[in-house]
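Enquirer: The structure follows.
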Amino acid sequence: MTDQNRRLLLDERAVERTLARMAREIVERAGSIESLVLLGIQRRGVQLTERLAAEIERAEGVRPASGTLDITLYRDDLMAIGPRPVVGETRLPSGGIDGRVVVIVDDVCYTGRTARAALDELADFGRPARIYLCVLVDRGGRELPIQPDIVGLTVETTAGQRVDVLVPELDGRLAVELVSPAREVE
Amino acid sequence: MTPRPLLLRGGRVVDPSQGIDDVLDVLLVDGTVARLGRGLEAPEHAEVRNVSGLVVCPGLIDLHVHLREPGGERKETIESGARAAAAGGFTAVCAMPNTDPPVDDPAAVGFVRAQGMRAGYARVYPVAAVSVGQRGERLAAIGEMVDAGAVAISDDGRPVSDAGLMRLALEYAQTFGIPVANHCEELSLSRGGSMNEGLVSTRLGLQGIPNAAEDVMIARDLLLAELTGGRLHIQHVSTRRGVEMIRAAKERGVPVTAEVTPHHLTLTDEAVDGYRTEAKVNPPLRTAEDVAALREGLADGTLDVLATDHAPHHYDEKEQAFDDAPFGMVGLETALGIALTELVRKGVLTLSQLVDRMSCGPARAFRLPGGTLAVGSPADVTVIDLDAEWIVDPDKFLSKSRNTPFAGWKLVGQAALTIVGGRVVWDREVGPR
Amino acid sequence: MQVDTALGKDLVGLEPLSAAQIRAILDTAEPFKEISERAIKKVPVLRGKTIVNLFFEPSTRTRISFEFAEKRLSADTVNISAVGSSVAKGETLVDTARNLEAMKIDMVVIRHGSSGAARFLADRIESNVINAGDGRHEHPTQALLDMLTIRDHLGRLEGVRVCIVGDILHSRVARSNIWGLTKMGAEVAVCGPRTLMPPYVTELGVQQFSRIEEAIEWADVLNVLRLQLERMQAGYVPSLREYNRFFGVTRARLLRAPRPLLILHPGPMNRGVEIDSDVADGPHSVILDQVTNGIAVRMAVLYLLAGGAPERAEAAKSAPEAV
């Protein structure tokens with residue numbers, strides 16, 4: 001049970017290429033950088049947002065506004081999950097989100113519940129003109145009618161598996177890995 | 001109606017008043033001790049009980065109980081209290097007067113006495129109030145109350161705060177040959193307190209009652225007893241200085257006797273931790289140093305008497321925030337077991353010393369009949385099983401109340417038979433009548 | 001996530017908590033401060049939960065602070081004020097507990113005049129119980145907000161010298177602060193008239209100063225307690241003027257301090273008695289920060305306790321995180 005199989009899906013170079021492509025897609029959809037706001041979902045969505053914002057700045061010469069969103073307090077399973085999770089920082093850029101194009105950035109989209117929580121939280125902050133969902137990996141397994149608009153990698157997974165997005169700031173390297181449980185005894 | 005003659009065969013007779021500790025038969029006839037000896041023959045119509053392996057001693061006497069009647073019958077009545085006493089091995093108890101109304105006139109004294117006799121378990125000796133209404137202002141009609149059967153006077157519940165009144169009481173009581181029993185507490189030092197003043201009270205945020213609150217009045221009363229030559233009985237001593245002062249006073253020849261409770265000999269203020277109201281008592285449970293000094297004092301005779309200060313309270317009243325709960329715990333049904341387990345078995349007292357402190361000593365202090373198995377004395381006998389193992393279960397108490405911190409304690413030793421005036425009033429094989 | 005910092009069912013005091021648990025509460029309070037800055041000061045965390053504020057003693061600021069905290073977490077709140085009742089306090093407490101149990105209240109915040117009352121209630125009902133002050137025993141959320149305020153301004157608690165000044169004998173704020181600060185590694189001292197000092201207080205791990213000048217010389221932080229009028233009436237101190245003269249925190253005294261002092265006060269203040277106005281309103285006073293932090297700390301406590309039964313932690317360990 002403790003043994004796990006890890007398979008590399010994207011190495012560092014592949015992740016960077018994918019993020020570059022995603023950054024261009026974001027700019028295409030948003031139309032203008034000035035109205036764009038990237039909001040990274042704690043925790044790894046934050047690091048990805050940093051990279052996307054840097055990419056956009058490299059390509060367009062202007063860095064889009066960005067912030068962080070912690071959705072812990074909006075989780076639909078908050079009271080059921082034993083000890084309270086730590087609540088991270090939520091910080092919106094000055095100028096808020098009213099009338100702007102908000103791109104929610106997360107590492108993995110699975111059941112869709114995180115995105116739902118993020119939408120609820122955003123509703124308490126204001127009324128964007130448009131919201132896009134941007135994820136590095138879409139692993140399928142949706143439990144809600146929610147679809148990401150900008151996707152880096154699509155991979156089919158089973159319930160027992162996990163997709164890990166690793167970032168240097170927290171994990172020491174940049175990569176995407178698929179984690180499967182060790183083969184069970186028949 | 002006189003009971004049948006009763007022969008107790010083969011028990012180990014422990015009677016410190018006669019220096020006896022031997023296997024002997026005891027014959028009780030017409031309500032008195034008729035003979036002690038080996039191989040006694042049972043007279044006609046006698047009831048014979050085989051008590052070999054058990055201890056036979058003069059009946060235990062508790063000088064300090066609260067029977068709550070009149071006025072507090074919800075918590076205890078004279079009957080339920082006397083029955084609980086018998087189950088605890090006591091052949092006699094002295095009932096404190098802080099009832100509602102208080103026992104401060106001869107009619108009330110007569111009432112308590114009559115109720116005790118009607119119940120027919122342990123003897124109930126009324127203690128009368130020192131002052132009218134126990135208000136501490138004027139002496140009550142002490143002579144008349146003694147005539148009606150009071151064996152001592154006390155304003156217990158409260159101290160006699162006014163030194164002048166205490167002096168008068170000590171002087172006046174001498175005419176009638178009774179002691180003045182005082183609950184020593186300087187109220188201006190204990191005001192607002194609900195437990196011992198110490199580290200525990202600081203941690204719990206409760207107002208404390210310092211040792212000095214008791215010592216200050218013990219000192220005062222010893223000096224007044226010395227001044228007047230009156231007989232002083234100090235109730236429920238709980239402090240080490242108290243023991244020291246009593247010892248020194250006795251050495252000077254002051255006519256004082258003193259009592260200590262089983263809970264003060266076994267528990268400290270740590271027992272209150274968690275705001276346990278069962279451990280809320282006045283005087284409060286104190287520190288390990290005080291407990292050690294009390295044990296020493298009981299062993300060397302400075303403290304003459306073990307008395308329970310049996311204070312029943314309804315569970316409603318004890319189920320309150322600590323400050324609001326009343327002081328007191330029941331004790332009649334646990335005293336002997338606690339004493340045997342925690343004092344005799346642990347080497348603090350010999351069995352003979354314990355019998356003295358629970359029977360001979362009390363009888364001497366209040367000049368009561370009993371406290372001895374000398375031929376001709378009342379047939380009040382307690383038969384003790386030293387080896388009986390039992391667990392304190394308040395739900396099984398015969399008392400109406402259950403407030404004790406000893407619930408669940410494993411004890412060794414209990415009364416097997418309690419005999420008053422030659423009649424068996426408690427037989428643990430049979431249970432309550 | 002960290003099972004050993006789970007708080008269990010109730011917050012009755014700081015004495016039973018570990019340093020890790022206290023730290024978890026303070027850390028959790030930080031993000032909750034941000035919510036009070038938003039335009040919509042509400043998160044759905046306690047939506048559908050019922051919380052009763054059961055106050056047997058009068059209190060404006062603590063009750064309001066709890067109420068804001070509860071409402072900002074979207075809980076439904078009910079205030080019950082049993083102040084000044086001539087009915088035996090204790091009787092009401094047991095029956096109140098039973099009634100609350102019967103009404104299936106989720107959480108109870110209780111303030112009561114008897115030490116031990118919070119524990120008394122917590123032992124008898126299944127709802128989460130938060131102690132908002134029981135007699136002289138503890139006022140844990142006050143000490144937590146005091147510690148958060150100190151930590152915010154000085155960056156740490158370890159090694160910080162905090163002196164609590166005033167009527168320590170009757171103070172639950174003092175006791176909770178003593179427990180909390182010593183556990184977090186701060187150095188704690190108390191200062192006040194001997195008549196208002198609890199016996200054996202140094203055995204709680206604190207130093208004792210008999211003069212305010214010594215305290216000011218030593219401390220980094222002063223937590224100034226309110227002197228209640230009843231203490232003078234009961235004769236513990238001869239007069240309020242005398243108290244101010246010898247124990248008041250005045251600007252003149254602070255000017256002689258060797259380093260800048262942080263000034264805290266649990267409120268409400270007796271200006272001119274334990275603290276002078278120019279100190280309370282001055283640059284070193286963080287009294288208003290305490291108020292802000294109070295709401296955040298209380299939100300954190302409610303968040304951490306709500307529905308928090310330790311058994312659930314076991315179940316959560318094996319449940320996959322929904323993404």
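Enquirer: Applying the Karplus parametrisation 6.51 cos²θ - 1.76 cosθ + 1.60 with θ = phi - 60° to the phi angles of the stretch B:309-318, what ³J(HN,Hα) value in whole Hz is obtained for each residue in order, glycine and proline being reported as x?
Expert: 6, 4, 10, x, 9, 5, 4, 3, 6, 7
Enquirer: Now a separate question. When DSSP beta bridges are limited to those with both residues in chain C, what percentage is antiparallel, rounded to the nearest 5?
Expert: So the antiparallel bridges in chain C amount to around 5 percent.
Enquirer: Which of the lysines could a cross-linker bridge to residue C:33, judged by Cα under 20 Å and excluding same-chain residues fewer than eight apart?
Expert: C:41, C:42, C:71
Enquirer: Given a cut-off of under 8 Å on Cα pairs at least six residues apart, what relative contact order in percent is computed for the stretch C:140-260?
Expert: It rounds to 27 percent for the stretch C:140-260.
Enquirer: What is the average number of partner chain Cβ atoms found within 10 Å of a Cβ in B:309-318?
Expert: 1
Enquirer: Between residue C:259 and residue C:60, what's the calculated FRET efficiency when r is the beta-carbon distance and R0 is 41 Å? Round to 0.05. Write down the numbers at each step before the final one.
Expert: Details: r = 34 Å, r/R0 = 0.84.
My answer for the efficiency is 0.75.
Enquirer: I've got another one for you. Cβ neighbours within 10 Å, averaged per peptide: list B:6-13, B:224-231, C:76-83 in order, most packed at the top.
Expert: B:6-13, B:224-231, C:76-83
Enquirer: Just to confirm the number: angle between the C-alpha axis of helix A:113-125 and the first principal axis of chain A, 0 to 90 degrees, nearest 10?
Expert: The answer is roughly 30 degrees.
Enquirer: Taking each residue in B:196-203, count the Cβ atoms of any other chain within 10 Å of its Cβ, then average. What number comes out?
Expert: The per-residue average across the peptide is 5.
Enquirer: Please report, ordered by residue number, every helix of chain B (full DSSP H runs) that is 15 Å or longer along its axis going by C-alpha atoms and whose mean Kyte-Doolittle hydropathy reaches -1.0.
Expert: B:106-119, B:163-174, B:211-228, B:240-251, B:288-299
Enquirer: Now, a different point. Quick one: if the Förster radius is 30 Å, what FRET efficiency do residue A:59 and residue C:40 give, using the C-beta to C-beta distance and rounding to 0.05?
Expert: Calculated transfer efficiency: 0.30.
Enquirer: Quick one: compute the contact order of chain B, relative version, from alpha carbon pairs under 8 angstrom and 6+ residues apart, as a percent. Mind dumping the intermediate values first?
Expert: On the way: 1114 pairs, mean separation 86.8, N = 433.
Reported relative contact order: 20 percent.
Enquirer: So who's got an amide H within less than 5 Å of the one on residue B:196, skipping anything under 5 residues away but keeping other chains? H placed 1.01 Å off N, in plane.
Expert: The answer is B:209, B:285.
Enquirer: Something else about it: Per residue of the protein assembly as shown, what 222 nm ellipticity follows from adding -39500 (n - 2.57) for every DSSP H run with n ≥ 4, rounded to the nearest 500?
Expert: -9500 deg cm²/dmol
Enquirer: Can you list the lysines whose alpha carbon is less than 19 Å from that of residue B:346, not counting same-chain residues fewer than 8 positions off?
Expert: List returned: B:410.
Enquirer: Moving on to the next point. Hey, how many Å between the Cα centroid of the stretch B:377-413 and the Cα centroid of the stretch C:167-245?
Expert: Computed from Cα coordinates, the inter-centre distance equals 47 Å.
Enquirer: Another one. Relative to the longest principal axis of chain C, what angle (0 to 90°, nearest 10) does the C-alpha long axis of helix C:140-154 take?
Expert: With rounding to tens, the tilt is 70 degrees.
Enquirer: For the stretch B:66-76, in order, what is each residue's ³J(HN,Hα) by Karplus, 6.51 cos²θ - 1.76 cosθ + 1.60 with θ = phi - 60°, in whole Hz (x at glycine and Pro)?
Expert: 10, 9, 6, 10, x, x, x, 4, 5, 8, 5
Enquirer: In whole angstrom, how far apart do the alpha carbon centroids of the stretch A:11-70 and the stretch A:148-176 sit?
Expert: One Cα centre to the other: 16 Å.
Enquirer: Post the alpha-carbon centroid distance, the stretch B:305-344 to the stretch B:239-272, in whole angstrom.
Expert: Using only Cα atoms to place each centre, the spacing works out to 18 Å.
Enquirer: Between the helical axis of C:287-305 and the dominant principal axis of chain C, each derived from Cα atoms, what acute angle in degrees is found, rounded to the nearest 10?
Expert: Once rounded, one gets 30 degrees.
Enquirer: Still on this structure, please answer the following. Let me check against my output: what whole-number percent is the relative contact order of the stretch B:117-274, with C-alpha pairs under 8 Å and at least 6 apart?
Expert: Over the stretch B:117-274, the number comes to 18 percent.
The numbers here are math on the coordinates, done by the rules we state, and not lab data. Note that the coordinates shown come from a computational prediction; the quantities given were computed from them, not determined experimentally. FYI the Cβ positions are ideal-geometry reconstructions off the backbone, even for glycines, and counts take in every protein chain you see.
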